[in-house]
Amino acid sequence: MKRTPGPKIEHQRTFPTSVQEMQDLGWRQADVLLFTGDAFIDHPAFGAAVIARVLEHAGYKVAVVPQPNWRDDLRDFKKMGAPRLFFGVTSGNMDSMVNHYTANKRLRSNDAYTPGNRARQRPDYAVQVYSQILKSLYPRTPLVIGGIEASLRRLTHYDYWSDSLKPSILIDSGADLLLYGMAEKAVVEVANRLERGEEIRSMTQIPQTAYCSNTLPSQGKEELVELASYEECLKSKKVFARNFVLTEEESNKLEQRFFAEQVNGSFVVVNPPFPTLTPDEIDQVYDLPYTRLPHSRYAKKEPIPAYEMIKDSVTIHRGCFGGCSFCTIAAHQGKFISSRSKKSILNELRRIAAAPSFKGHVTDLGGPSANMYQMSGIKPELCIHCKRPSCIFPRICRNLDTRYSPLLSLYREARAVKGIKKITIGSGIRYDLIIDQDDKPVNPDSAEYFDELVVHHVSGRLKVAPEHTSDRVVTLLRKPSFKLFLHLSRRFAAVCEKYGLHQQLIPYFISSLPSCELEDMAHLAVQIRKLKLNLEHVQDFTPTPMTLASVMFYTG
């Protein structure tokens with residue numbers, strides 16, 4: 001993630017969000033101008049901040065326009081002018097439609113990524129709207145889209161909110177290039193090539209990107225997965241479902257091929273991703289000089305709820321091999337785990353502990369699933385062509401290294417960091433990585449991990465997600481039987497009794513899932529009453545792009 005030789009840019013305490021702030025830095029023009037649907041928070045939990053810091057580290061001047069007003073004379077899109085290299089557009093940390101609407105398609109009254117929890121500070125389909133505005137104002141300036149909203153719409157997808165199939169977001173947005181997944185390497189490569197004078201339209205070989213072309217890529221057929229066209233998908237739900245199966249199976253492999261999908265006579269081409277980040281590479285991303293604070297423009301505004309929730313949390317890894325059929329994490333972050341080194345994590349904890357506002361409580365050492373840290377294939381060569389969407393469902397893969405010793409070592413050293421009084425694990429845990437269907441430990445140290453988690457890292461409540469009580473439903477979700485939750489519940493009670501703890505196990509459930517009938521929900525209600533469970537959330541299912549569950553919902 002290094003730039004070609006050029007003038008050194010010292011890192012900024014914060015990134016400019018106005019012309020005045022650019023002038024204060026002595027800049028006449030930004031190299032890259034990022035537009036985001038979120039308030040700008042310079043914290044590694046926020047994608048726009050990560051991309052800004054990575055580009056800055058590579059030597060580029062980065063400015064940010066957070067939550068631009070799209071309903072007035074477009075002054076927010078004009079005030080900074082055109083960047084020297086390219087515009088970058090993201091909806092923010094969430095898909096703008098999930099951010100705006102409930103599962104029943106009712107407008108939400110709040111937005112955790114905005115000061116004061118104010119809603120409607122970004123448009124519906126934010127990436128598309130921002131991109132179309134920028135292309136109309138600056139048609140010759142390269143436009144690159146990324147983030148979760150763009151990533152999950154890189155190919156034909158079911159859009160729940162319009163109840164229709166939509167083509168790749170590249171078509172409707174007019175963007176020149178789409179970066180999918182965690183795109184630090186890709187965005188620096190794009191910047192470096194533009195710096196060298198290459199045309200954006202010639203960038204057809206960069207991994208982890210998608211682009212439009214009038215012709216199929218020149219790779220041999222053995223390297224290309226040619227999908228059915230968008231128009232064919234419109235005519236047949238089975239064709240669309242077959243496309244999804246092909247893309248999911250290919251995306252599950254350690255080494256992937258190209259995708260090509262025809263839309264209106266042209267092709268959307270998706271290049272394979274970069275290899276999973278090594279510990280050194282992911283450390284470099286998280287070791288950058290984030291202020292861990294909202295931008296100074298919010299100093300006199302109300303708090304930003306999303307920031308308040310995660311400000312004292314630490315990401316220890318990316319990726320998830322759980323393969324839940326309703327979840328977008330694997331489609332965005334990948335199936336393979338990229339773990340930070342213990343040194344990098346402990347250094348971040350020390351920075352948090354040294355902050356004047358820190359009260360002593362670290363709210364998470366986690367990731368998509370908290371207990372997958374440093375887990376990977378014992379023999380990586382077996383993962384190269386493996387199509388399994390989940391390494392743990394219906395049974396744990398024999399090639400998966402499920403040892404907890406690296407995570408236990410991290411927890412113990414983290415608790416010893418000066419200034420930290422308590423570390424709780426806010427991310428969800430996969431309890432099918434702790435016990436199996438026969439109520440036996442997955443490996444010799446999984447029971448030790450569970451004891452340590454409950455005793456030291458639970459603040460009164462441990463939240464887990466069985467999702468449903470019906471075996472038929474959870475099988476379609478690629479989740480374990482509810483019987484496993486009952487085993488976990490007994491173990492949790494035993495640990496609490498052994499150590500004199502008064503703690504609760506809080507399950508999360510989802511209603512209205514594909515294939516879920518009224519009798520299934522009645523069964524769930526009976527089980528909850530029988531077990532005297534305390535529920536915080538029963539979430540209604542929302543079909544989101546690029547998930548198996550959304551395809552099931554659409555195709556019936």
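Throughout, read-outs are computed from the coordinates displayed, never taken from laboratory work. All values derive from a computational prediction rather than experimental measurement. Neighbour counts are summed over all protein chains in view; Cβ atoms, including those assigned to glycine, are modelled from backbone coordinates with ideal geometry.
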In percent, what relative contact order does the chain have, based on Cα pairs under 8 Å that are 6 or more apart in sequence?
12 percent
Given DSSP loops and a limit of at most 16 other Cβ atoms within 10 Å, what is the longest stretch of the chain that contains no such GluC sites (Glu not before Pro)?
256-516
Would you mind checking which residues have amide H under 5 Å from residue 463's amide H? H placed 1.01 Å from N; only 5 or more apart, or other chain.
506
Could you go through segment 243-258 in sequence order and give the Karplus-derived ³J(HN,Hα) for each residue, using 6.51 cos²θ - 1.76 cosθ + 1.60 with θ = phi - 60°, rounded to whole Hz, and x for Gly and Pro?
4, 4, 4, 4, 5, 5, 4, 5, 5, 7, 7, 5, 10, 10, 9, 6
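With the cut-off at 32 Å, tell me which of the pairs 440/463; 61/421; 418/463; 359/530 have Cα atoms farther apart than that. Spell out each step's value before the answer.
Numbers: 440/463 21 Å; 61/421 39 Å; 418/463 28 Å; 359/530 40 Å.
Correct reply: 61/421; 359/530.
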Mind checking which aspartates and glutamates have their C-alpha under 19 Å from residue 532, skipping anything on the same chain fewer than 8 residues away?
467, 497, 520
Please name whichever of 164, 416, 134 sits farthest to the positive end of the charge dipole of the chain, dipole taken about the Cα centre and charges placed at Cβ: Lys and Arg +1, Asp and Glu -1.
416
Cα centroid separation, segment 429-489 to segment 123-197 (Å):
38 Å
How many angstrom lie between the C-alpha centres of segment 400-422 and segment 34-90?
35 Å
Which of 66, 46, 81, positive extreme of dipole for segment 17-88 (C-beta unit charges):
81
Under Karplus coefficients 6.51, -1.76 and 1.60, residue-wise ³J(HN,Hα) of segment 323-332 in Hz, glycine/proline x
x, 4, 6, 9, 9, 9, 4, 5, 5, 9
Please give the charge dipole size of segment 312-555, origin at the Cα centre, charges +1 on K and R Cβ atoms and -1 on D and E Cβ atoms. Round to the nearest 20 debye.
700 debye
Rank by packing, highest mean first: peptides 122-128, 168-174, with packing defined as the count of other Cβ atoms within 10 Å averaged across residues.
122-128, 168-174
The answer for residue 153, listing residues at least 5 apart or on another chain whose modeled amide H is closer than 5 Å to its amide H, is none
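As a check on your grasp of the helix formula, calculate [θ] at 222 nm for the chain: sum -39500 (n - 2.57) over DSSP H runs of n ≥ 4, divide by the residue count, round to the nearest 500.
-9000 deg cm²/dmol
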Could you tell me what a quarter of the Cα convex hull surface of the chain works out to, in nm² with one decimal place?
25.4 nm²
Checking the cross-link filter: which lysines have an alpha carbon closer than 16 Å to that of residue 78, excluding same-chain neighbours under 8 positions apart?
135
Magnitude of the Cβ-charge dipole of the chain, K/R +1 and D/E -1, about the Cα centre, nearest 20 debye?
1020 debye
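So, with +1 on the Cβ of K and R and -1 on the Cβ of D and E, and no other charges, what is the size of the charge dipole of segment 19-211 about its Cα centre, to the nearest 20 debye? Don't skip to the answer; put the middle values down first.
Numbers: 23 positive and 22 negative charges, 57 e Å.
I would put it at about 280 debye.
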Using a 10 Å cut-off on Cβ atoms, rank the peptides 328-339, 65-76, 153-164, 85-96 from the highest mean neighbour count down.
85-96, 328-339, 153-164, 65-76
To make sure I understand, if each residue's beta carbon is the centre and we count other beta carbons within 10 Å, what order do 315, 14 fall in, fewest to most?
14, 315
Just name one of 508, 344, 456: the one whose Cα is farthest towards the positive end of the charge dipole of segment 312-555 (beta-carbon charges, Lys/Arg +1, Asp/Glu -1).
344
For Cα pairs less than 8 Å apart in space and 6+ apart in sequence, what is the mean separation divided by the residue count of segment 312-555, i.e. the relative contact order in percent?
20 percent
Enumerate the calculated ³J(HN,Hα) couplings along segment 408-416 in order (Karplus 6.51 cos²θ - 1.76 cosθ + 1.60, θ = phi - 60°), each rounded to whole Hz, writing x wherever the residue is Gly or Pro.
4, 4, 4, 4, 5, 6, 5, 5, 8
One finds the C-alpha centres of segment 496-554 and segment 236-251 to be spaced, in Å, by 28 Å
